[in-house]
Each structure stands twice: as C-alpha cells, then as structure tokens.
1. I'm trying to understand the selection: among the residues of segment A:13-60, which are assigned to a loop (DSSP other than H, G, I, E, B), under 19 Å from A:Lys153 (Cβ atoms), more than 10 Å from chain B (Cβ to nearest Cβ) and among the hydrophobic types (A, V, I, L, M, F, W, C)?
2. Give the residues of segment A:161-206 that are touching a strand residue (DSSP E or B) at 6+ places or on another chain (Cβ under 6 Å) and part of a loop (DSSP other than H, G, I, E, B), sorted by residue number.
3. What tally of residues in segment A:534-551 results from selecting those that are more than 10 Å from every other protein chain (Cβ to nearest Cβ) and basic (Lys, Arg)?
4. Please specify each residue of segment A:207-219 satisfying the condition of being under 26 Å from A:Gly408 (Cα atoms) and not in a helix (DSSP H, G or I).
5. Only one of these conditions is not met by B:Lys509: (1) more than 22 Å from A:Asp80 (Cα to Cα); (2) outside any loop (DSSP other than H, G, I, E, B). Which number is it?
6. Being under 12 Å from A:Ile163 (Cβ atoms) and in contact with a Gly (Cβ under 9 Å, 6 or more places away or on another chain) is the filter here, so list the residues in segment A:240-263 that pass it.
7. Looking for whichever is hydroxyl-bearing (Ser, Thr, Tyr), assigned to a loop (DSSP other than H, G, I, E, B) and either modelled with pLDDT under 95 or surrounded by 15 or more Cβ atoms within 10 Å (Cβ to Cβ) (or both) here; the options are B:Tyr492, B:Tyr560, B:Tyr534. Which one fits?
8. Out of (1) farther than 30 Å from A:Lys334 by Cα; (2) part of a loop (DSSP other than H, G, I, E, B), what's the single condition that is false for A:Gly424?
2 protein chains.
Amino acid sequence: MGKRKIVIIGGVACGPKAASRIKRLDPDAEVIILEKGELISYAGCGLPFYLSGQISDYHDLMNTPTGAIRDPAFFKAVKDVTVFNKTIAEKVDRNQKIVMARQLETDEILNFPYDNLIMAVGATPFVPPMEGVSLKGVYSLTTVDDARQIRDKQGPLKGKKAIIIGGGLIGIEAAEAFARQGMTITIIEKLETVLAALIDPEIAYHVQNELKNQGISLMLGDSVTRINGDSNGKVIGVTTQNDELEADFVLVAIGSRPNVSLAREMGLELGATGAIKVDSRLRTSDPAIYAGGDCVENINLVTGKPIYTPMGSTANKHGRVIADNICGINSIFKGVAGTGICKVFDINVARTGLSETAARREGYDIITVLTPSPDKPHFLSDAKLIIIKLIVDKPTRKLLGAQVVGPGDVAKRIDVAVIAISHGFAVDEMSNADLAYAPPFSPAMDNIIVAANIAQNKLNGIGEFISPGEVKAKMDNKEDFIFLDVRSPEEYEQMRIEDSRVKLIPLGKLREKIAELPMDKEIICFCKISLRGYEAERILKAKGFKNVKFMDGGVICWPYDKFVQ
Amino acid sequence: MGKRKIVIIGGVACGPKAASRIKRLDPDAEVIILEKGELISYAGCGLPFYLSGQISDYHDLMNTPTGAIRDPAFFKAVKDVTVFNKTIAEKVDRNQKIVMARQLETDEILNFPYDNLIMAVGATPFVPPMEGVSLKGVYSLTTVDDARQIRDKQGPLKGKKAIIIGGGLIGIEAAEAFARQGMTITIIEKLETVLAALIDPEIAYHVQNELKNQGISLMLGDSVTRINGDSNGKVIGVTTQNDELEADFVLVAIGSRPNVSLAREMGLELGATGAIKVDSRLRTSDPAIYAGGDCVENINLVTGKPIYTPMGSTANKHGRVIADNICGINSIFKGVAGTGICKVFDINVARTGLSETAARREGYDIITVLTPSPDKPHFLSDAKLIIIKLIVDKPTRKLLGAQVVGPGDVAKRIDVAVIAISHGFAVDEMSNADLAYAPPFSPAMDNIIVAANIAQNKLNGIGEFISPGEVKAKMDNKEDFIFLDVRSPEEYEQMRIEDSRVKLIPLGKLREKIAELPMDKEIICFCKISLRGYEAERILKAKGFKNVKFMDGGVICWPYDKFVQ
C-alpha cells in the first residue's frame, strides 16, 4: 500500500476508533484527527456519572483502563496518530481533496490534503428558539465542558432546584445524577409519558413511578414556553403552558441533531432523517469520504428504513467498519435494532426494535405480550421483578420489538431479544433457546422464553387475552363485566384494583365456586402476574363459559390507579 | 377431541410441566402423574441453596411464587391433574397401553391405561462400585430428601469436614453451600482441572483460584479408591491414590446417569449416549410414548450429534413441547447448545457450545480468542472483570463455543453467544450487534463484541498471536525469545510473570526504545489484557520485525505461576 493520508474530522468516539484501527491495519498510513474541542476520545455516555459525583475526576472519562490519558500526546506516542485539537474544519474542497481548518487559539488556517476523509462530527443538543435559553444557568449535556460547568463552576449543588426540559434518556440520567447531588428536580415533558419515543405507556408507567418514588417531580403533557431570568442574566425559573416554576438550573434535554452543516456545504447527500446518508460500508455520496457516529443515519433492521439513533456504542462500531473499508477489508454495517437501556435509580429499563406505538404506526398487524416475573427463582432472596413486553408480527410470527423494565436484570433479556430481532427470528425460535440456567442467574424457564411462549400461545389462539389499556377503556365506557381476581385474600389485601366489577375467587377455589359466576357476562380474569389469570381463563372456557379473557400482566402491570398497602 | 388419557411417569420437572400444559390445551384430558417420591414439582437446582441455608424451608422449593405449595392437592384443585406420589411405575404393557404401578406405602398394584405415556423418569447420581459408598455420612445430592438428610438430620454442620468427590457443577455448588455452613471442604477430582467436561483449563484456572481463595482444598488429578468407616458404619474418611483424608461427610458428585431401566425393559430405543432416544417432537421409538427431561438425550446444535446434558431448564422446555405434540400443536425441540452456568463464590463461570478440547477432538480446524476486560466502563467503581474465550471454526468462521469467567456479568454474554451458536452464526454477525449500551450495563463495545472482533482479526490474519499454553510450552522447552511486557512499571510491580525472558518496555516508549530489541529473535508481546500487546505487535511488525506475536489475554489470563503483590 502507498502511504495514504487519512483526515478525520471529529475526535470523540468514531474518529479516534477509526484512527487507531487504521494505524493497526496500515502502519504506514498518515492519520490526522481534527477536533474542535480541547478534549478527545472521551466517554460522552459517562457524563451523567461525572455530574452525579460517581466519577470524581473528569480525566477518568478519557483514561485507558490502566490510567493513561488519551490526549494528543498519547495518540502520537502510542498510536502514531496526529491530533489537532481546538481546530475546526471549516471547508472541504472535494475536488482537490483538501480540508481547510482553523486553529481556534491562533486563528491560523491549516490545509490538510487527504486520500480518504472521515466525517465523525457528531451531534448537537437541540435547543429550541425560546426566550431565555441563553441565560446563565441554562445548560445542555453533551461535552465534558458542559458537565464541568454544571458540577464544578457553580458552587455546591446540594439543595439547588433543577428543571430538566425533556423526559428522554439524557433527561432521566441527568435527573438521577442531580438527585445524587441532593438537588430538587422537576422533569417537564411535553408528551404524556417519559421516554415516549422509546417505550410504550404501560412500560413508561413503571419508570414514572420510580422517578416519583425517588422524589422527582414529573410534569407530563406540559411544555416550557419561556425560561425566566433575573436582571443579572441568571436563570430563575420557567413558565410552562400550565404553570410557573422556580429554578436555579435548567437542563435542556430534548434530543440532539446531527451536525450536518459542513456536510451540506460540501454537497454530501443527507438522508430522510436529516443526518448524513451512508451506504452499508459507511461511505457517503462521495466515495472518498466516509462518515460515522452521531452525524449519520442508520438502517432500522426491523423496517429497513432509515433511522436516526445516535449512540456511543454505534459510533465505535462505525469507526471500526470505516477503518476496515479504507484499509481494504470488506466490512459491512447492516444497521441497528434501535436498542437503548437506562438505569433509573433502582430500576432498569431497556428496549429494542419497534415499540407497539411504532409498529402500529408502521402498519404492522401485531400481538403484544406483557409478562412480569422474578428474574431468578423466587426462592432466592435477591430475586427481583422484571416486566417484559414483546411486540410480534402476526403474519410472520417475527419478533418486532421488546421492552423490559424493573429492578431485576433487564440487560440480559434485552440483548437476547436484540439478536433475535436483528436476525428476523420468529418467537418460535426463542422458545427453546438453551439459555444459561442456574438459580443465581435465571428461572428454569428464562423470562424471555416465557414471554416468547406466551406470544406463541396468542399466535396459536390459545387463551383469549386483553391488555390493561383495553380493560381500562371498557371501564371508562362504563361497560359491565366481571373483573375476576383469582389471587389469595392476602394478596388482595396488599394490592388491588378498586372497582365494583372486581370479584375475588382464588384460583384454587375456582372449580368449586364456579356456579357463582354468570355464564352470560364477560369475564376478565387476572392475578398478580397473569399466569393464574390464564389458568382461570382456561378453566372457565373448559366449563363452557364463552366470553372469558385474561388480562396481560396482572395487577403488577396495571398502570392505573390501584390500592397498594 | 375425545377424552384422552395421559399417564406421566415422573413428577419433578418435565412431568408436571407437561401435565399442566396438557390441561390448559385440552381441559377434557385425563392426566395422571406417577411419582415414586413423596414430593413433586420441586426445583432440584435449588437444592444447593437449601443446603447452604440460603433457603430456610425446603417447602420453598415447591412453592409457587405466591406461596402455594405444589403438592398433589394443589395439582388436583388448580390443574385438575391427579398425582399418585410414592407410587412407582414397575411395568408398561405397550400393546395394551397400560402402566402397572406399585403404591409404596400399601404395596398395592394399580393399573393405569393410557393413550399417551410420558416418560419423565429423570436421572440418578452415579455412585461408583467402591468400598464404603453405603456408609452413613456418604451422600449424593439429587432429591430434597438428600438435601434434608445432609442439612437437617446430622446436627450442626459448622466445623465439620466434608469431602466432595467430583469437581463438576454439583460438586462446586455443594462446596459453596458447605462453606456457607462453616464446613471444611476438600474437592477431589480425578482430572487435572475442575469442570473439565465443560471448560478449558485456562478458564478452569480462575475457578480453581477462587475455590482456593475461599479456603476450599482442591486435590486434582487424584481419585478416591475407598471410603473408610468406623465400626458403627459411619464414614471417617477416604483413601485416594495419593493420600488419606479424614471426613465427617462425603458427597459423591461425579455425574448422573439417565434412568433407563424401565425404558429398556419396555423395549424403547436408547441412544448412543445411553439415554432414551427421542425425535425432535420428543417421541420415543413407540409413537404413543414421549420422553423428556434428564432421562433423554438431546441433539448438540453444533455437532448435530447426540449429547447427554441433563438440565432443569431443558426438562421444562421438553415438558411443554411434549404437551404441544400430544395436543396437536406442531412443536419442535431442535436441540441444545450445551449451555451451563455456575456461581462459584464471588465469581461466575459459564459455557456453551464446544470447548476447545471438544472442538479439537471433533476434528474442527479452529482459532481461539481469550480476552479479559471489565464488564462495564472502568470509570464506574462497580466494574468487574470478565474473561471471554471463544472457539471459532476457521473455514466457516462460525462460532463453535464460548466460555466466560470472572466476578462480572457473565450471564448476559453467554446468552448472546448461545443464540449465535444455536443459529450457526459466523463471528462476523456478532461484531456489529446492537447490544444494549449504557455505562451501568456494559462498555460501549460490549465484551462479547470485542471478543468477536478479535476473532475476526485472527481469521483475517491481522495480528499474529499465541496462546498462554503455547508460550508456556516454549518456556518448558527452554526456547529463547523475548517476552515483551509493554505495561507500565507500576503495573509490573503489582503483577508479573517472573522469567528471565521478560523485558519491560511500556507501550508509550516502544517507538523510541525500539532499537533495544533485536530484529532476529522471536518477540512475544503482552500487557495486562492483550490490547497493548496487540498494539506492540502491530508497531514492531510495521518497523520490520518479522518474528513477533502477542499473547492472548495478557498477564491476567496467564494461568501459571506469576507474582502478585
């Protein structure tokens, strides 16, 4: 190979990854990274953990596991990669193959000729054009500098009031971080649920519950119209459509937008999502130019359509694929399943593929499953609840999406679903998966297998079911039915749905008390989690009751008012 | 459907599962379970947790999650399944389709006609024909009764000496349980490593280390020739090939054998492994008779050959598949990946597919990967090490096997590997898997993805590598080479391989000190985990050194003598 010149614009995730691998594959290559900020190769996803104080020194976000700081000197000495930080790429001449960049400290313009250019220019938090967004004390959270401003430049955070605009991943991670600092937090989200782009309402319900339990105020279905400041230009609060709130801090966390202005100026093709369009080798419309990370769109592996889902994990994978292709290895990036995971205080929530909302919007004919159960055998004292929701395509039986929430181990189950969804598996292919079993790790039938089995039952027409949302709609419509709780009286005392339609007959007594139930009325059975509810439905059907269903997920998954002792 | 009669022999896992599902699918079916023991439907895999005291009441092993005990009355009232416990099936007339069973308490013979029979007769621990196996104080661990004998019938366990014969899964789980009871434990294993049927020696090394750290004595490569008793018929110790040991208890845990005597008498076909042979619908050679659980063999999804791997998880899946097929649902059990997982005090170990040993024995042309790294970003204080070993088929690039060990989250990574192996994925299909990423759950590039990437590199001829075992063999052969440690001096102080061939040049200094290295000598680079070792190999190769390799897994994975501060 000749001594090729590779210029990389962007030094956070995709860029340094591509640079390092190019040098490993082709040690003769000349690799240059241009980064507009001071810091390079840092773990952006770690910022909330710096904010919270769990990471005390921000340099840890840039350290290798053995403590070397990944700064320009490190990249030179170890990788033989030249980094120009505080250097902004201003113009690219694609004909001459030259990047013109300005060194921010000297204002000097430098020219960097390239054989291949990599655009790894990232994304910028979206800040709406709203009154007050420039006030002191209004932040977003994308760079180490943002996090340092908030944590280190304002005096003690304890006792301060924070308003977070946006109930997405960043907003929720920041809420936990602020709470750990002893702040008082309100999240304002214009949609009716948190994480609405990612998870369905009955899963979001558990996240919202946890936030409330941890003392976070939630204002859902409301939006900030103005950020208010004092005469010193310091934020003092916000005005929403319905309210007015005081604040010492405002964090704007309503999503981010790909940085495409340079790409647009260069005439590179943008995709339907507005991000840079790339092929499966991450090549832009200019074959000499690759792009990866938060500035590009990906293919959604379920729908085959473009999707914009900026993720640090994807950015790293992109970097590797780009390096491979530049160095002659045929490496393909097929797309993403749209996976996300988040710790919310003492619970975890994860998702992949399509939500029910998205699947319906896309026109899929689906069934859904909602099943709660402990993440290991209940006889172990550290067993914790997780709730799995599956979204399954009826005609093909393919798994389209999965969501998992609860205090237990959600990551393992979502990762299994990720692989299944990425490869278009039918739920039938998950039923007998030989997943690792020993009591400290899972029930004998892993939760995700149970969920797949329930999906199979539904697809096969075994057991008639109804979702909590559908039951609630019947209630709101004043429909008459028997809402048959088949739990024990003790369980009923602890937690129950308080409604005149509810009738308690423990499953063990159902066969003997069956005469108490009218044959001509709709009966909806439920228990704690849905298993006994399903058994009750089976028993009643066998005894000639026609209009019987069981409610998915039982009282545990009932996302509406319920009595809890 | 007519009112069919189903008789199930065996009431622990597969049997009750099949019974319950048959009644849900066909409420009119008459379902009878015959169980020779008193207890039914218990979690056999929970026995070590009863032994240890983590479960205080053995009934918890039979409880539903909401506290109902799954006894015959429960099965009758809730499931309409009739259970005859303490009833042993003695003879089956396949022509007449009748099971003849003896009620153990009354000696009465009962006849049970069937349309379909399910053999779910389980396995029995293998006890070798050795002097002393019948002494008081010699146990195996398969039934609740075994566990109760050991824990509840002998007075306090604290301070007692236990010898465990067999270093397999049961032996190791029992060792931890005994240790929690304050006993002194020796494991005697005739092979050179623990879990030898499951994992390769360099993974077993970490398990052995943990056992030793927890005060368990290991006698590897030795075997018990005689169990010794006193004049009261009570065990007092064992004699091994090399030693003589005292003991208050002896646990025989050298594996189990499928219960096939009845099946053999009935003339059902047995498979190559000695277990009952079944087709993919779990039907035996008699089409009216199904079999599942610990008494049958499965198909190994990697090799396509029969394998005997009794597992509670598999037994439950079998029960469901059998019920489906009896009730007219076309349900297939393709086979198992051979997955296993075990908690060993503060570390976890898991495996699936073929071990390196097994793959070589089967004649595969393989590469292996050995890669240690933290299970989440190192900047989080609860990040814990895991070591992943992959076994990959060179010609097809398919993943054949995976092993994961360490204090961190091994279950998630092994389950991803299970799905990949079960579907014959090439490692290339794992590289860009959109696994769930946020710092509390995984590094940006999940460990299993990194392992797949290393496998890709090796398959693509990028980076020349050598395993720790091969390096050790060179040392033992007194070969001359430079064993280049590229870590920092501080890391070297803490942990190092002490050998005259070792030379320390930190990676950051390698480019400037390169002249210190001879071009004509073999150089084997390593660091803590292998990443810097790999970089060093790349640097030296680029500078014209020809005979350079890096050692898989670094000093962390070096399973031989090393200095640790």
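1. If the condition is that a residue be assigned to a loop (DSSP other than H, G, I, E, B), under 19 Å from A:Lys153 (Cβ atoms), more than 10 Å from chain B (Cβ to nearest Cβ) and among the hydrophobic types (A, V, I, L, M, F, W, C), then A:Leu39 is the only one that fits.
2. A:Gly167, A:Met183, A:Glu192, A:Leu198, A:Ile199 - these are the residues of segment A:161-206 that are touching a strand residue (DSSP E or B) at 6+ places or on another chain (Cβ under 6 Å) and part of a loop (DSSP other than H, G, I, E, B).
3. Of the residues in segment A:534-551, 2 are more than 10 Å from every other protein chain (Cβ to nearest Cβ) and basic (Lys, Arg).
4. Pass one, segment A:207-219, residues under 26 Å from A:Gly408 (Cα atoms): A:207-218.
A:Gln214, A:Gly215, A:Ile216, A:Ser217, A:Leu218, listed by residue number.
5. Here B:Lys509 clears every test but (1).
6. A:Glu244, A:Leu245, A:Glu246, A:Ala247, A:Asp248, A:Phe249, A:Val250, A:Leu251, A:Val252, A:Ala253
7. Exactly one residue qualifies, and that residue is B:Tyr560.
8. Of (1) farther than 30 Å from A:Lys334 by Cα; (2) part of a loop (DSSP other than H, G, I, E, B), only one is false for A:Gly424: (1).
The values are calculated or read from the model by the stated rules, or taken from the named source; none is laboratory data. What you see is a predicted model, and the numbers here were worked out from it, not measured in a lab. Note that each Cβ is placed from the backbone with ideal geometry, even for glycine, and that neighbours are counted across all protein chains shown.
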